[in-house]
1. Select from S56, F46, L32 the residue farthest towards the positive end of the dipole of segment 4-85; place +1 on Cβ of Lys and Arg, -1 on Cβ of Asp and Glu, and compute about the Cα centre.
2. Remind me, relative contact order of the chain in percent, using alpha carbon pairs under 8 angstrom and six or more residues apart?
3. Note down the net charge around L32, summing +1 for each Lys or Arg and -1 for each Asp or Glu among other residues with Cβ under 14 Å from its Cβ.
4. Under a point-charge model restricted to the Cβ atoms of Lys and Arg (+1) and Asp and Glu (-1), what is the dipole moment magnitude of segment 4-85 relative to its Cα centre, in debye to the nearest 20?
5. Suppose each label sits 7 Å from its Cα in the direction of the beta carbon; what would the A44-A81 distance come out to in nanometres?
6. In nm, to one decimal, how far is the modelled label at D63 from the one at V16, with both set 7 Å along Cα→Cβ?
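What follows draws every value from the coordinates through simple rules; no lab data is involved. These numbers were taken from a predicted model, which means no experiment stands behind them. Heads up, the Cβs are rebuilt from the backbone with ideal geometry, glycines too, and the neighbour counts pull from every protein chain shown.
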Amino acid sequence: MLGNVEEKESVSATSVKMLQTASEIVGGNEALAERLGISLRALAMFMANRRHLPDSLLLRVVDIILDDRQSRIALAGQAAAEARRRPIA
């Protein structure tokens, strides 16, 4: 079992990685800050692990990532279905 400090660091590192992933998905930090309804400075503090990311913001970040993944899965499914319909040459 992780110690309290190690556990907090692990959670914080995960939150930072999720913020970075969401930023890539939406097109950068400015776009992410706007989507989350926070200032770019506040986002920078969260991403630098200087402030704890509130659960409400974490859940919005998770939604951004899940929506992106679900869209990719749907597109991959459509591409696979189209490939199966094409005649083999």
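1. Ranked along the dipole, the leading option is L32.
2. 30
3. Details: positive: K17, R35, R41, R60; negative: E24, E30, E34, D63, D67, D68.
Cβ neighbours under 14 Å give a net charge of -2.
4. In total the dipole reaches around 140 debye.
5. Result: 4.6 nm between the two label points.
6. 2.6
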